[in-house]
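Following: one structure in structure tokens, then a few remarks.
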Amino acid sequence: MTILNTRVSDTRAGRLTAPAYAYAFLEEFILLYPVYALLFTDTGLTVPQISVLFVLWALTSVTLTVPAGALADVIPRRYLLAAAPVVTGTGFALWTLFPSPWIFALGFVLWGAGGALSSGAFEALVYTELEHRGLEDRYARIMGVTRALGVSAVGSATLLAVPAMSQGGYPLVGAASVTACALCALAALFLPEHRTRSTSDGDEDDETPGYRRTLILGLTEVRDDRAVRAAVLLVILVSAFWGSLDEYVPLLAEDSGVATEDVPLVLMVVWIGVTLGGLLAGPASRLPHPFLSALLVLASVAIAAGALLTDPVGWVLLAFGFGVCQMMIVVSDARLQDSITGDSRATVTSLADLGTEGLGTSTYLVYAGVFTVLGHGAAFALFATPHLVAALFLARMGRSRAKGRAPAASPKVTGGTGENPKAS
């Protein structure tokens, strides 16, 4: 009977997971990723100029993340998810066709805008669609797979970029990247979307709240709902520091004496750990808070030790630590989605993304200063310690639940009739 129920659940989720998995893979299958910095330098840009472009990219994303999240609670989310890769792909096309400093700046603005359009919208659509089918307990498993697919897409694109560059140079790499964006947009249009409005606030006549009201409702839920606020903070603490350290792995490897041609092997070991972490997120989501907190402590220690050892054992430890962090990002996101009771799901999720982006950007700046004094190994180890704070915070959330502050104090009302849409 259990096997039969699982098969039925898989069938009911299949129309969602197939395009969602395709979207997650194609969104990251961009051959330009490993070589666009080379395109900039070949065009004549200096390192400070490239750094300015990165700042412009980050500022665009931070500025538009929450407004775009609120928009995803007003209009169909799959349309925004389709628009996001189109906007990003337009930037990549401009880079390839008209390489120049101002075009690069415009491309980063478009890239930042595209990322903002999908911020919160993808998670909200997947969770809401699973909830519609009565399968919200599958959310962590599905999102873990999408994360793993994203990592494998980046790895595949990195490997393919080398022969593509040798055969067709930047035009071929750019064309492949734009094609991936177009296919990603097409996958978004195949995503199913069923959404009903909550009437739990007593405003039964207003089934389609306007943009401003939706934004305010999302901000209010984070401010007033303690469970939601704690879940948002957990997402930020788990995501921001690991996401920043991930960018420095190649530099850490080179700084520790790894030959340039062997750096991809180190990255492959880390990618394997991160991929496994995403795939294990589903089972991990059912673990109690104390166990997850202990895993985060182990991850922090493993990342610090791996960065200081800088040998094969160290790279395996780094892979383990990063894998746990990837797993915990999915689990903390699942905790957040479970805690949201209002209609502004994408808005609330985008607030967590905003906090992650802001803290991550500041981490880049601080890391640069710490590196100049301590070097990559010690800086890496130092920036692994914030995960201990996340572990303590997670343990505290578990104790709060144990004391009776249930995460779902009031039932969700998903329709004016009181009928359960999950039965449909």
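Give the angle, between 0 and 90 degrees and rounded to the nearest 10, that separates the Cα long axis of helix 263-279 from the longest principal axis of the Cα atoms of the chain.
Relative to the chain, helix 263-279 is tipped by roughly 10 degrees.
Any chance you could give the angle, 0 to 90 degrees and rounded to 10, that helix 226-245 forms with the longest Cα principal axis of the chain?
Roughly 10 degrees, rounded to the nearest 10.
What does the charge add up to near Leu189, with Lys and Arg as +1, Asp and Glu as -1, over the other residues with Cβ less than 12 Å from its Cβ?
+1
Using the alpha-carbon atoms, what tilt in degrees (0 to 90, nearest 10) does helix 312-339 show relative to the longest principal axis of the chain?
Helix 312-339 and the main axis of the chain meet at about 30 degrees.
Give me the Å³ per residue figure for the convex hull around the C-alpha atoms of the chain.
Considering the Cα atoms of the chain, their hull volume per residue is 146 Å³.
So for Arg195, Arg399, what's the accessible-area order with a 1.4 Å probe, most first?
From most accessible down to least: Arg399, Arg195.
Once the principal axes of the Cα atoms of segment 280-361 are found, what is the range along each, listed largest first in whole angstroms?
For segment 280-361, the Cα spread along each principal axis is 49, 31, 17 Å.
Whole angstrom only: what separates the Cα centroid of segment 51-75 from the Cα centroid of segment 231-284?
24
With a 1.4 Å probe and every protein chain left in place, tell me how much accessible area Trp242 has, in Å² to the nearest 10.
Estimated to the nearest 10 Å², Trp242 gives 20 Å².
Assign one of three labels to segment 1-151, namely rounded, prolate or oblate, based on the Cα gyration tensor with a ≥ b ≥ c the square roots of its eigenvalues; rounded applies when a/c is under 1.5, prolate when it is not and a/b is larger than b/c, and oblate otherwise.
It is prolate, given that a/c is not under 1.5 and a/b is the larger ratio.
Probe radius 1.4 Å, ligands and nucleic acids left out: which of Arg141, Arg223, Arg133, Arg147 has the largest accessible area, and how do the rest follow?
Details: Arg141 115, Arg223 155, Arg133 30, Arg147 90 Å².
Largest accessible area first, the residues go Arg223, Arg141, Arg147, Arg133.
The values are calculated or read from the model by the stated rules, or taken from the named source; none is laboratory data. As the structure is a computational prediction, the values presented were derived from the model and not from experiment. A quick note on method: Cβ atoms are made from the backbone with ideal geometry, for glycine too, and the neighbour counts reach across all protein chains shown. Surface accessibility is based on the protein's heavy atoms, side chains included, excluding ligands, DNA and RNA. Shrake-Rupley method; radii C 1.70, N 1.55, O 1.52, S 1.80 Å.
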